[in-house]
1. What does the net charge come to around Leu207 if you take all other residues with beta carbon closer than 14 Å to its beta carbon, with K and R at +1 and D and E at -1?
2. Mind listing the phi-derived Karplus ³J(HN,Hα) values for the range 84-92, rounded to whole Hz, using 6.51, -1.76 and 1.60 with θ = phi - 60°, and x for any glycine or proline?
3. For the range 17-33, in order, what is each residue's ³J(HN,Hα) by Karplus, 6.51 cos²θ - 1.76 cosθ + 1.60 with θ = phi - 60°, in whole Hz (x at glycine and Pro)?
4. Tell me, what % of the accessible area of the chain is carbon and sulfur with a 1.4 angstrom probe?
5. Leaving out ligands and nucleic acids, and using a 1.4 Å probe, what accessible area per residue does the chain come to in Å²?
6. Just to check, using Stokes-Einstein with a Kirkwood Rh over alpha carbon pairs, what's the diffusion coefficient of the range 1-71 at 37 °C and 0.692 mPa s in µm²/s?
7. Amide H neighbours of Thr82 under 5 Å, at least 5 residues apart or on other chains, H built in the peptide plane: list them.
8. Per the Cauchy relation, a quarter of the hull surface: what is the mean projected area of the convex hull of the alpha carbons in the range 461-500, in nm²?
Amino acid sequence: MDASERLRTASWRYWAMSTIFYVVTGIAVTVIISEPTRSLPSAQLGVCIVLFAALGFYISGYKKELRNCERMVALGCEPIRTWPNDPFGIRYLLDTAKHVKANTLLQQRVQLFKDMGHTFSHRLFPETDITITTDEPENVKAILSTKFDDWAIPPGRIQGFLPVLGRHSIFNVNGPEWQHSRAMLRPAFIRNQISDLECIDRHISKLIAHIPKDGSRFDLQAMFAMLAIDTISDFMFGQSTDILGSAPDTSLKFGTYFDRSIEKIAYRSRLGWMTQLLPDAELKEYTHFMTSYIAKYIAEVKSKGSKSALADDKNKYVFLEELIKSGEPDNVIRDQILSIFVAGRDTTTSVLTYLFFELSRHPEAVGKIQEEIQDLGVADPSWEQLRNMKYLNLAVKEALRLNPPVATNAREAVRDTVLPTGGGPDGKSPVFAPKGTKCRYQPWTMQRREDIYGSDAAEFRPERWEDLRVTHEYVPFNAGPRICIGQQFALTQLALVTFRLLQSFRTIERKDDRPPLQKLGVNTSMLHGCWVIMIPV
Ligand code: HEM
């Protein structure tokens, strides 16, 4: 059915239902006026009221549909393919829940796009507005860049993140509030800090010290998680949680509570507004502890007031000090600091784990990076040297392609808007997205599309990037105004960890027979960890 036929049907349905409504109302009014003394038994009256309410509800739905069809035709859009036989989105919800439970959701989405095309619509219980799901680069470009102002972070995600990140978090705000947050954080991500390799290196040395040298098997994912929290806390406060070193009890507790909170917010953001019905005393306790932990650092910097009050090295750049200079109140600073922990910890862990999982299966790639390290001829690379290591950076890029840690993401239309593609029988016409439409876009499946990356799209092959040019087909850090603000810091960390580990270890071998399933939380992780043995040089 094309757009004009859809409009005709919507118009016919609306007028037919309205006519029935008015005729029934007219008859009821006539009966009441002509027999004012007659009263209906209360059961019959109740049934009449329910029928009236249901009819009214349907008519308002048809009116909305008619209006949307008129807008669709006026804007030159065509109808979008719809997930069938699921008017309330209960089947879609159950299907999603089944695959989340089995940790097969990402693979299932690849199949779903094959069956439904790269853009389709569906309901998702209990949401009343429609959801569009897409892995089409043109649509991703519209949402993130060219029509940025038409799309916002959906309330469901905000509700889910709120109890931990707070209402000032850069992840929980839209419009001018978001611009304010971004402007506040941007100056703290200055180049000389992100290129401060010494800070990152200190924690990598501790990681290397922890790796068994006798060929025993260990879980790299768990190690990378400790490395990431130690590094990000050092970057934030000038003092590390030091979980890989001699962490005090409060740091260990912070690490544990942090992990548990992230799991809970992943679950809560899936439930959206329903989380308001679920008070969670444990989450309250975790958040209380974490915010006090951060508040202690804020108070310390403020009371000492001197440059690098927290760091041993007085010349060291400390992110928190830069943030305090913004003059924002403590609760705003605290929300942003916790957000950066969330933004930077599990994403980095996820990419490192996936990269080393692939390296453990691709000794030829390990060999090429090691050759590059040898050719460089220096033991301690500078930031520029690291960034110029071609194959090493291509391997990181390829890991980010196959495993973007933010595997799926969502926005909500804040006004009527158009997605460039996905409508009509061939799925190539523009699609109308009325205000309130959710759009779920999927970097994980998009970055594995065979029509973009070739028939070996599912393979780890860093060489593909030597002559491949893409834009919104590759968005592990997002794109447009809301692109990841920590991208350069993350890339530096990823490159340096890879450099150091392949400089210190000759081989990495996977030691796990279980299928390598990816678990979907706020970020992806490997369900069973990444069990390997590493042999020193
Ligand atoms: C490989 C590692 C990383 C990946 C793949 C990654 C990915 C992303 C993505 C996809 C977003 C967009 C989220 C959205 O708008 O829905 C984002 C935002 C953000 N990231 Fe990262 N990130 C990484 C590391 C980091 C690090 C290390 C930091 C900080 C030290 C950081 C700080 C942020 C912040 C503050 C935002 C919010 C930006 C905004 O809304 O304007 N990220 N990141």
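1. The answer is -1.
2. 3J(HN,Hα) across the range 84-92, in whole Hz: x, 6, 8, x, 10, x, 6, 5, 5.
3. 5, 5, 4, 4, 4, 5, 5, 4, 4, x, 4, 4, 5, 4, 4, 5, 5
4. 58
5. So the chain comes to 47 Å² accessible per residue, rounded to a whole number.
6. Translational D for this selection: 236 µm²/s.
7. Answer set, sorted by chain and number: Ser121.
8. Its average projected convex-hull area is 3.7 nm².
The values are calculated or read from the model by the stated rules, or taken from the named source; none is laboratory data. Computed from a prediction, not measured in an experiment: that's the story for all the values here. All Cβ positions, glycine included, derive from the backbone under ideal geometry; neighbour counts span all protein chains shown. Ligands, DNA and RNA are stripped out before the accessible areas are found, and what is left, the full protein with its side chains, is counted by its heavy atoms. Shrake-Rupley method; radii C 1.70, N 1.55, O 1.52, S 1.80 Å.
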